[in-house]
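Participant: Just dropping this structure here.
The values are calculated or read from the model by the stated rules, or taken from the named source; none is laboratory data. Predicted model, so just to flag it, every value in this text is computed and none were measured. Glycine also receives a Cβ, built like all others from the backbone with ideal geometry; neighbour counts cover every protein chain displayed.
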Amino acid sequence: MQKLKQKTLWLFLCGISSKIEIVCIEKEKRMNMVKVGIIGATGYAGGELVRILMGHKDAEIIWYGSKSYIDQRYDEVYRNMFRIVDAVCMDDNMEALSKEVDVIFTATPQGLCASLVNEEILSRVKIVDLSADFRIKDVKVYEQWYGMLHKSPQFIDEAVYGLCELNRDQVKGARLIANPGCYTTCSILTAYPLVKEGLINPDTLIIDAKSGTSGAGRGAKLPNLFCEVNENMKAYGVATHRHTPEIEEQLGYAAGRELTVSFTPHLVPMNRGILVTAYASLKRKEDGSLPTVAELRAAYEHYYKDERFVRLLDKGVCPETKWVEGSNYVDVGFIVDERTGRVVMMGALDNLVKGAAGQAVQNMNLLFGLPEDEGLAMVPMFP
């Protein structure tokens with residue numbers, strides 16, 4: 001009987017010990033989590049950041065910033081977060097936020113991040129800015145295309161353009177990341193290998209791009225109403241779209257000189273997606289011949305064969321937005337038009353994931369030494 005009591009006591013104490021050990025492990029895990037603050041958490045890109053980070057095992061959101069919904073429950077703004085997020089929205093006080101988190105995502109309109117950031121904040125926290133405030137290195141070009149005075153040009157030079165596939169090593173040691181735009185990410189990755197390898201004449205590059213309506217943001221705007229968009233397709237920002245200098249700058253680095261490209265975006269009646277179709281003349285070799293299909297494919301494989309999120313499609317297969325929807329993938333492909341001596345380059349991505357929030361999380365993973373695909377291994381949705 002005495003032995004039975006001793007065994008029962010031993011099992012009881014083991015149970016308590018196990019529970020204490022589990023609690024300690026959970027506490028340690030929480031201490032090691034990357035603490036995240038989001039300014040602009042109720043826009044489409046901000047909402048996508050929340051969705052992705054809820055599935056990230058090494059990150060914890062502790063600040064849902066939204067100037068329009070202060071003190072309102074987040075799951076009242078986004079009902080899909082009911083019983084998933086129980087936080088209330090807070091303000092956009094970057095100074096206070098920087099004392100509580102490890103990284104700040106600014107999913108806000110142009111100008112806000114630049115107006116809030118300062119040296120003291122950057123000494124405490126890393127910032128991934130989803131706006132265009134730090135993407136363009138020439139402040140005069142930024143002010144010309146965006147029509148506003150840059151509030152913190154002193155940080156432009158140190159900001160790293162966060163296109164991970166091209167600038168991975170620079171991202172890892174940065175304090176400030178300029179997260180690329182959706183049109184630009186798709187356009188650059190679609191054409192980059194052929195520009196970099198000198199297989200096309202970049203001065204002949206024409207980029208035709210289509211976007212779903214979520215790219216215009218969540219704000220109420222007449223041109224984005226259902227009756228305006230449904231059963232309709234339209235070009236906009238023709239010869240004036242502000243992503244143009246960003247594309248020119250980044251592809252100019254690949255070419256080793258300044259470039260001028262023709263970029264025309266279109267709005268199409270779908271929620272998500274970017275489809276880029278780019279055209280350029282093939283560059284003749286010294287013997288007068290044109291690059292072969294095999295040489296073009298070898299260039300793409302050289303740059304993308306080890307990339308987790310860039311998928312080079314099989315020969316003759318054209319990318320479709322449906323194949324990447326809800327994922328962090330970019331699908332690229334090309335077809336040579338032998339009759340005209342041109343190549344047609346194509347790319348597709350989800351504008352809210354790889355074109356915004358997914359790429360931002362990919363940058364965060366690099367900043368904190370985490371697996372680059374953590375939280376981003378979502379299989380594309382179909383249909």
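Participant: Please work out which residue is nearest to residue 247 (Cα to Cα), limiting yourself to segment 138-150 and to residues that are among the charged types (D, E, K, R) and either loosely packed, with under 14 Cβ neighbours inside 10 Å or touching a Cys at 6+ places or on another chain (Cβ under 6 Å) (or both). Spell out how you get there, then give the answer.
Facilitator: Of the residues in segment 138-150, the ones among the charged types (D, E, K, R) are 138, 140, 143.
Applying the additional criterion that residues be either loosely packed, with under 14 Cβ neighbours inside 10 Å or touching a Cys at 6+ places or on another chain (Cβ under 6 Å) (or both) yields 138, 140.
Values: 138: 13, 140: 16 Å.
Across segment 138-150, the extreme among qualifying residues is 138.
Participant: Applying the selection to segment 261-311, what residues are part of a loop (DSSP other than H, G, I, E, B), free of Cβ contacts under 8 Å to residues at least 60 places away in the same chain and closer than 30 Å to residue 221 by Cα? Please lay out each step first, then the result.
Facilitator: So in segment 261-311, the residues part of a loop (DSSP other than H, G, I, E, B) come out as 261, 268-273, 283-292, 305-309.
Now drop any that are not free of Cβ contacts under 8 Å to residues at least 60 places away in the same chain, which leaves 261, 268-271, 284-290, 292, 305-306.
261, 268, 269, 270, 271, listed by residue number.
Participant: Restricting attention to segment 236-247, does a residue exist that is assigned to a strand (DSSP E or B) and farther than 20 Å from residue 350 by Cβ? Steps first, please.
Facilitator: Of the residues in segment 236-247, the ones assigned to a strand (DSSP E or B) are none.
Taking every residue of segment 236-247 in turn, none turns out to be assigned to a strand (DSSP E or B) and farther than 20 Å from residue 350 by Cβ.
Participant: Test of understanding: among 341, 326, 369, which residue is assigned by TED's automatic domain parsing to the domain that holds residue 211, surrounded by fewer than 23 Cβ atoms within 10 Å (Cβ to Cβ) and out of contact with any Asp or Glu (no Cβ under 7 Å at 6 or more places or on another chain)?
Facilitator: Residue meeting the stated conditions: 341.
Participant: Can I ask one more? Hey, among 128, 160, 229, 195, which residue is buried (at least 16 other Cβ atoms within 10 Å of the Cβ), modelled with pLDDT under 95 and not aromatic (Phe, Trp, Tyr)? Give the derivation first.
Facilitator: Working: 128 fails: modelled with pLDDT under 95; 160 fails: modelled with pLDDT under 95; 195 fails: modelled with pLDDT under 95.
Of 128, 160, 229, 195, the one residue that is buried (at least 16 other Cβ atoms within 10 Å of the Cβ), modelled with pLDDT under 95 and not aromatic (Phe, Trp, Tyr) is 229.
Participant: Pull up segment 283-312, narrow it to residues that are among the aliphatic types (A, V, I, L, M) and within 21 Å of the chain's Cα centre (by Cα), then point me to the one that is farthest from residue 351 (Cα to Cα). Walk me through how you get there before you give the answer.
Facilitator: Of the residues in segment 283-312, the ones among the aliphatic types (A, V, I, L, M) are 290, 293-294, 296, 298-299, 310, 312.
So of that shortlist, the ones also within 21 Å of the chain's Cα centre (by Cα) come out as 310, 312.
Values: 310: 14, 312: 18 Å.
Checking each candidate, the answer is 312.
Participant: Scan segment 133-154 for residues that are closer than 16 Å to residue 104 by Cβ and either in contact (Cβ under 8 Å) with a residue 60 or more places away in the chain or in contact with a strand residue (DSSP E or B) (Cβ under 6 Å, 6 or more places away or on another chain) (or both) and jot them down.
Facilitator: Going through segment 133-154, the residues closer than 16 Å to residue 104 by Cβ turn out to be 133-134, 152.
Selection gives 134 alone.
Listed here are the residues, each with its yes/no results for (1) more than 16 Å from residue 300 (Cβ to Cβ); (2) touching a Cys at 6+ places or on another chain (Cβ under 7 Å).
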{"position": "312", "(1), (2)": "no, no"}
{"position": "315", "(1), (2)": "no, no"}
{"position": "320", "(1), (2)": "yes, no"}
{"position": "327", "(1), (2)": "yes, no"}
{"position": "334", "(1), (2)": "no, no"}
{"position": "338", "(1), (2)": "yes, no"}
{"position": "341", "(1), (2)": "yes, no"}
{"position": "346", "(1), (2)": "no, yes"}
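Participant: Next question. Do the conditions hold for residue 278, that is, is it buried (at least 18 other Cβ atoms within 10 Å of the Cβ), outside the structural domain of residue 212 (by TED's automatic domain parsing), at pLDDT 95 or above and under 20 Å from residue 182 (Cβ atoms)? Please lay out each step first, then the result.
Facilitator: Working: buried (at least 18 other Cβ atoms within 10 Å of the Cβ): yes; outside the structural domain of residue 212 (by TED's automatic domain parsing): no; at pLDDT 95 or above: yes; under 20 Å from residue 182 (Cβ atoms): yes.
No: the conditions fail for residue 278.
Participant: Go through the residues of segment 68-87 one by one and say whether even a single one is at pLDDT 95 or above and either within 19 Å of residue 367 (Cβ to Cβ) or touching a His at 6+ places or on another chain (Cβ under 6 Å) (or both).
Facilitator: No, segment 68-87 contains no residue that is at pLDDT 95 or above and either within 19 Å of residue 367 (Cβ to Cβ) or touching a His at 6+ places or on another chain (Cβ under 6 Å) (or both).
Participant: State all residues of segment 49-108 that are among the β-branched types (Val, Ile, Thr), surrounded by 14 or more Cβ atoms within 10 Å (Cβ to Cβ) and more than 20 Å from the chain's Cα centre (by Cα); if no residue qualifies, say none.
Facilitator: At the first step, the residues of segment 49-108 found to be among the β-branched types (Val, Ile, Thr) are 50, 52, 61-62, 70, 77, 84-85, 88, 101, 103-104, 106, 108.
Right, trim to surrounded by 14 or more Cβ atoms within 10 Å (Cβ to Cβ) and you get 50, 52, 61-62, 77, 85, 88, 101, 103-104, 106, 108.
Answer for segment 49-108, where residues must be among the β-branched types (Val, Ile, Thr), surrounded by 14 or more Cβ atoms within 10 Å (Cβ to Cβ) and more than 20 Å from the chain's Cα centre (by Cα): 62, 77, 85, 88, 101.
Participant: For segment 83-137, name all the residues that are under 30 Å from residue 247 (Cβ atoms), in contact with a helix residue (DSSP H, G or I) (Cβ under 8 Å, 6 or more places away or on another chain) and among the hydroxyl-bearing types (Ser, Thr, Tyr).
Facilitator: 106, 131
Participant: Of the numbered conditions (1) within 29 Å of residue 107 (Cα to Cα); (2) in a helix (DSSP H, G or I), residue 371 satisfies every one except a single condition; which is it?
Facilitator: (2)
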